[in-house]
1. Would you call Arg43 in contact with a helix residue (DSSP H, G or I) (Cβ under 8 Å, 6 or more places away or on another chain) and either more than 21 Å from Thr81 (Cβ to Cβ) or of a type in the set (Gly, Ala, Ser) (or both)?
2. Yes or no: Leu114 surrounded by 10 or more Cβ atoms within 10 Å (Cβ to Cβ), of a type in the set (A, V, I, L, M) and at pLDDT 80 or above?
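The values are calculated or read from the model by the stated rules, or taken from the named source; none is laboratory data. What you are looking at is a predicted structure, and each value in this text was computed from that prediction instead of being measured. Cβ: placed from backbone, ideal geometry, glycine included. Neighbour counts: every protein chain shown.
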Amino acid sequence: MKKTLLKRLHSDVASAFDQDKITRTCAQELTHVKPARQKESCRPWRAIKTTSIAFARTLILKTPAPLREARKGKNDPWDKTTRRKTELLKKLAEAEQKHDFYSRLYKQYTVDLLRLAIFARSAFDQQSSTRILESTPPGNCCAI
């Protein structure tokens with residue numbers, strides 16, 4: 001595994017790995033970017049004097065897409081952004097459709113409710129219906 005790892009690393013990064021200046025996990029993370037970018041990524045490490053995995057991952061995430069290493073057949077963890085973006089766009093479109101459907105349904109419901117309220121008010125405002133309701137005893141609502 002060490003030979004294949006060293007093949008995918010820039011010579012400066014490989015020598016730093018051999019001298020135990022960077023850890024194996026940091027070196028494995030650096031294989032996700034092209035060798036030219038690996039060399040550029042070593043400069044901030046030397047300036048800050050840290051080789052943490054979190055720092056390596058942030059440098060890889062800051063790397064533009066053309067400088068990232070294309071992996072064939074393997075699922076690249078740093079290339080999830082494009083897949084995640086398309087999935088989020090699909091979810092957003094679906095949510096918009098649902099929102100439009102429910103907002104139209106709510107508008108129709110309120111319009112129907114207003115019509116019913118207007119109809120009920122006009123029915124009770126008529127003199128004939130008022131006389132019928134007043135003449136009927138309170139317990140005989142079904143006789144109307």
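1. In short, no.
2. Yes; evaluated as a whole, the condition is true for this residue.
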